[in-house]
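Student: Quick one: the structure is below, and I'll ask about it shortly.
The values are calculated or read from the model by the stated rules, or taken from the named source; none is laboratory data. Here the structure is a predicted model, which means the values were calculated and not measured. Methodologically, a virtual Cβ is constructed for each residue, glycine included, from the backbone with ideal geometry; neighbour enumeration extends over all protein chains shown.
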Amino acid sequence: MRDPDNRIGIAILGATGSIGCNTLDVLTRHRQQYEIIALTANDNIQRMTEICRTHRPKVAVMANVDAAKKLATNLADTDIEVISGAESLQHVACREDVDYVMAAIVGAAGLLSTLAAARAGKRILLANKEALVMSGDILMRTIQENGAELLPIDSEHNAIFQSLPDNFRDGLSQAGVKRIYLTASGGALRTMPIEQLDSVTPEQAIAHPNWDMGRKISVDSATMMNKGLEVIEAHWLFGASACDIQVVIHPESVVHSMVAYSDGSVLAQLGNPDMRTPITHSLAWPDRYESGVEPLNILETARLNFEAPDMRRFPCLELAYEALRQGGTSPATLNAANEVAVEAFLDNRLKFTRISGLIEQVLETAEHHPADTLETILAADRQARAAAETLLSSGVA
Ligand code: NAD
Ligand code: MG
């Protein structure tokens with residue numbers, strides 16, 4: 001049943017995370033337009049209790065079953081339905097009263113719910129880039145076949161989307177696009193001497209200079225695997241080949257990406273580094289409204305720097321380009337090996353400088369298949385995780 005006020009129903013998958021929090025902040029400013037139908041999380045009971053009490057969704061999902069029991073006890077005096085398990089994430093993404101799905105679960109754990117939202121024809125606000133990296137072909141096809149919409153939350157892709165012409169889906173060169181410049185801050189360790197990277201701690205790697213993000217994406221930013229995943233993401237979103245996408249280090253994070261046209265024009269989207277801008281853009285599109293983000297003070301940020309990435313410092317970026325060129329299940333293998341490597345680094349089981357080596361070893365030994373079924377992709381994901389764990393426990397990594 002649609003809300004009597006005809007508000008847009010929204011489900012936030014990954015509501016306790018950094019993107020989830022920013023989304024709730026934006027929605028608070030536009031209560032009259034949106035109804036929060038569902039909030040989901042993995043196991044953060046305390047934060048989930050707080051946001052459920054504040055935002056009163058119809059349903060709250062905890063992927064973790066024990067955490068759901070505790071949440072249900074905490075919310076016993078409310079009429080919020082609490083459900084649990086990974087399948088429930090898919091269930092809420094397809095609900096009839098949900099129009100928009102914010103896909104903000106981190107990692108491969110977000111894949112099936114994002115696909116479910118696509119099958120149900122929803123507007124998907126996609127933060128979960130790993131879903132697109134793993135299953136770009138299937139996800140894009142599912143979106144098209146079911147009349148779903150895909151709006152990019154990743155700040156760079158949102159900037160590119162804003163800078164592209166309306167007819168970009170006819171083909172980039174047809175639309176007069178020459179090249180995409182994907183900007184990157186260079187992460188927390190951009191200026192650290194390479195010989196010191198060996199002893200980097202998790203705390204150092206996640207201390208991002210410009211963005212306040214979850215731990216996994218912060219490590220990915222420090223290795224620049226995040227940019228590598230974003231190159232693959234841009235490939236699927238915009239139909240760009242690997243050689244159409246140039247990564248540019250831009251330490252100020254003010255220019256969020258650029259599109260170069262055949263007539264010599266280069267269009268860019270600028271703004272303060274605050275995820276509420278792309279979130280609001282995707283919620284409101286094609287309209288515009290307030291996000292709570294301070295206007296950019298162009299005089300204060302007068303100096304903007306750009307440089308090419310040093311591939312010796314950022315081998316993960318090269319690995320991602322290679323996986324994109326190989327295609328098939330290689331991006332899913334890359335993504336899974338990276339998730340295991342980052343987790344191991346955060347647990348102090350793997351040195352920062354061995355993250356890329358572990359991923360490379362997994363890629364070298366992995367079977368390579370066309371990524372045309374979900375089963376093949378999920379099998380590649382499982383095999384890569386198992387291979388990475390074996391390398392970790394045997395000390396080879
Ligand atoms: P985060 O770690 O802050 O939050 C992750 C969310 O996912 C949490 O709500 C957590 O409960 C949920 N989650 C984790 N594992 C789960 C599981 N197994 N099952 C169900 N839910 C699970 O992460 P984040 O920084 O908000 O990033 C979310 C996604 O958005 C990532 O894919 C990231 O790459 C992308 N993204 C984030 C930013 C940012 O500024 N944070 C920017 C661009 C893209
Ligand atoms: Mg990004």
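Student: I'd like to check something: does segment 42-65 contain any residue that is buried (at least 20 other Cβ atoms within 10 Å of the Cβ), in contact (Cβ under 8 Å) with a residue 60 or more places away in the chain and within 25 Å of the chain's Cα centre (by Cα)?
Tutor: no
Student: So residue 369 clears everything in (1) part of a helix (DSSP H, G or I); (2) under 22 Å from residue 139 (Cβ atoms) except one condition, right? Which one?
Tutor: Of (1) part of a helix (DSSP H, G or I); (2) under 22 Å from residue 139 (Cβ atoms), only one is false for residue 369: (1).
Student: While we're here: Condition test on residue 104, is it more than 10 Å from ligand 1 (Cβ to nearest atom), modelled with pLDDT of 95 or more, assigned by TED's automatic domain parsing to the domain that holds residue 15 and among the aliphatic types (A, V, I, L, M)? Explain how you work it out, then say what you get.
Tutor: Details: more than 10 Å from ligand 1 (Cβ to nearest atom): no; modelled with pLDDT of 95 or more: yes; assigned by TED's automatic domain parsing to the domain that holds residue 15: yes; among the aliphatic types (A, V, I, L, M): yes.
It is false that residue 104 is more than 10 Å from ligand 1 (Cβ to nearest atom), modelled with pLDDT of 95 or more, assigned by TED's automatic domain parsing to the domain that holds residue 15 and among the aliphatic types (A, V, I, L, M).
Student: If you don't mind, another one. Looking only at segment 126-150, filter to residues that are in contact (Cβ under 8 Å) with a residue 40 or more places away in the chain and closer than 15 Å to residue 90 by Cα; which one of those is nearest to the chain's Cα centre (by Cα)? Steps first, answer last, please.
Tutor: Within segment 126-150, the subset in contact (Cβ under 8 Å) with a residue 40 or more places away in the chain is 127-130, 132-140, 150.
Among the residues that remain, those that are also closer than 15 Å to residue 90 by Cα are: 128, 139.
On the way: 128: 3, 139: 14 Å.
Once the filter is applied, the top-ranked residue is 128.
Student: Another one. If I ask for residues that are in contact (Cβ under 8 Å) with a residue 60 or more places away in the chain and away from ligand 2 (no atom under 14 Å from the Cβ), which ones from segment 224-251 would you list?
Tutor: Within segment 224-251, 235, 236, 238, 239, 240, 242, 244, 246, 251 qualify.
Student: Then there is this: Is it the case that some residue within segment 299-311 is more than 20 Å from the chain's Cα centre (by Cα) and at positive phi?
Tutor: Of the residues in segment 299-311, the ones more than 20 Å from the chain's Cα centre (by Cα) are 299-311.
Narrowing further to those that are at positive phi: none.
No, segment 299-311 contains no residue that is more than 20 Å from the chain's Cα centre (by Cα) and at positive phi.
Conditions tested, residue by residue: (1) aromatic (Phe, Trp, Tyr); (2) outside the structural domain of residue 38 (by TED's automatic domain parsing); (3) within 16 Å of ligand 1 (Cβ to nearest atom).
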{"residue": "114", "(1), (2), (3)": "no, no, yes"}
{"residue": "163", "(1), (2), (3)": "no, yes, no"}
{"residue": "205", "(1), (2), (3)": "no, yes, yes"}
{"residue": "210", "(1), (2), (3)": "no, yes, yes"}
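Student: For residues that are in contact with a helix residue (DSSP H, G or I) (Cβ under 8 Å, 6 or more places away or on another chain) and without any contact (Cβ under 8 Å) to a residue 24 or more places away in the chain, scanning just segment 66-84, find the one that is farthest from ligand 1 (Cβ to nearest atom).
Tutor: Of everything passing the filter in segment 66-84, 82 is farthest from ligand 1 (Cβ to nearest atom).
Table: residues versus (1) farther than 22 Å from residue 252 by Cβ; (2) among the aliphatic types (A, V, I, L, M); (3) without any contact (Cβ under 8 Å) to a residue 60 or more places away in the chain; (4) surrounded by 12 or more Cβ atoms within 10 Å (Cβ to Cβ).
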{"residue": "170", "(1), (2), (3), (4)": "yes, no, yes, no"}
{"residue": "176", "(1), (2), (3), (4)": "yes, no, no, yes"}
{"residue": "183", "(1), (2), (3), (4)": "no, no, no, yes"}
{"residue": "194", "(1), (2), (3), (4)": "yes, yes, no, no"}
{"residue": "198", "(1), (2), (3), (4)": "yes, no, no, no"}
{"residue": "202", "(1), (2), (3), (4)": "yes, no, no, yes"}
{"residue": "205", "(1), (2), (3), (4)": "no, yes, no, yes"}
{"residue": "221", "(1), (2), (3), (4)": "no, no, yes, yes"}
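Student: Further, regarding this structure: Return the only residue of 151, 112, 89 being under 17 Å from residue 373 (Cβ atoms) and modelled with pLDDT of 95 or more.
Tutor: Values: 151 fails: under 17 Å from residue 373 (Cβ atoms); 89 fails: under 17 Å from residue 373 (Cβ atoms).
When all the criteria are applied, what remains is 112.
Student: Checking the structure you have, find out if any residue of segment 269-282 is in contact with an Asp or Glu (Cβ under 9 Å, 6 or more places away or on another chain), surrounded by 13 or more Cβ atoms within 10 Å (Cβ to Cβ), of a type in the set (Asp, Glu) and assigned to a helix (DSSP H, G or I).
Tutor: No, because not a single residue in segment 269-282 is in contact with an Asp or Glu (Cβ under 9 Å, 6 or more places away or on another chain), surrounded by 13 or more Cβ atoms within 10 Å (Cβ to Cβ), of a type in the set (Asp, Glu) and assigned to a helix (DSSP H, G or I).
Student: I would also like to ask the following. Restricting attention to segment 194-217, and to residues there that are within 13 Å of ligand 2 (Cβ to nearest atom) and more than 16 Å from the chain's Cα centre (by Cα), which single residue is farthest from residue 276 (Cα to Cα)?
Tutor: My answer is 208.
Student: Restricting attention to segment 329-350, which residues are in a loop (DSSP other than H, G, I, E, B) and either under 19 Å from residue 245 (Cβ atoms) or basic (Lys, Arg) (or both)?
Tutor: So in segment 329-350, the residues in a loop (DSSP other than H, G, I, E, B) come out as 329, 347-350.
Once the filter is applied, which keeps residues that are in a loop (DSSP other than H, G, I, E, B) and either under 19 Å from residue 245 (Cβ atoms) or basic (Lys, Arg) (or both), segment 329-350 yields only 349.
Student: Residue 109 - would you say it is aliphatic (A, V, I, L, M), buried (at least 23 other Cβ atoms within 10 Å of the Cβ), away from ligand 2 (no atom under 16 Å from the Cβ) and within 23 Å of residue 376 (Cα to Cα)? Break it down stepwise before answering.
Tutor: Values: aliphatic (A, V, I, L, M): yes; buried (at least 23 other Cβ atoms within 10 Å of the Cβ): no; away from ligand 2 (no atom under 16 Å from the Cβ): yes; within 23 Å of residue 376 (Cα to Cα): yes.
Against the criterion (aliphatic (A, V, I, L, M), buried (at least 23 other Cβ atoms within 10 Å of the Cβ), away from ligand 2 (no atom under 16 Å from the Cβ) and within 23 Å of residue 376 (Cα to Cα)), residue 109 does not qualify.
Student: Another question, then. Determine whether segment 273-288 contains at least one residue that is among the hydroxyl-bearing types (Ser, Thr, Tyr) and touching a strand residue (DSSP E or B) at 6+ places or on another chain (Cβ under 6 Å).
Tutor: So the first thing to find is which residues in segment 273-288 are among the hydroxyl-bearing types (Ser, Thr, Tyr), and the list is 277, 280, 282.
Among the residues that remain, those that are also touching a strand residue (DSSP E or B) at 6+ places or on another chain (Cβ under 6 Å) are: 282.
Yes; the residues of segment 273-288 include at least one that is among the hydroxyl-bearing types (Ser, Thr, Tyr) and touching a strand residue (DSSP E or B) at 6+ places or on another chain (Cβ under 6 Å).
Student: For segment 1-94, which strands (runs of 3 or more DSSP E) that fit wholly inside it have 1 or more residues that are over 26 Å from residue 275 (Cα atoms)? Don't jump to the end; show me each part of the working.
Tutor: Numbers: elements: 8-13, 34-41, 59-62, 81-84.
Strands (runs of 3 or more DSSP E) meeting the threshold: 81-84.
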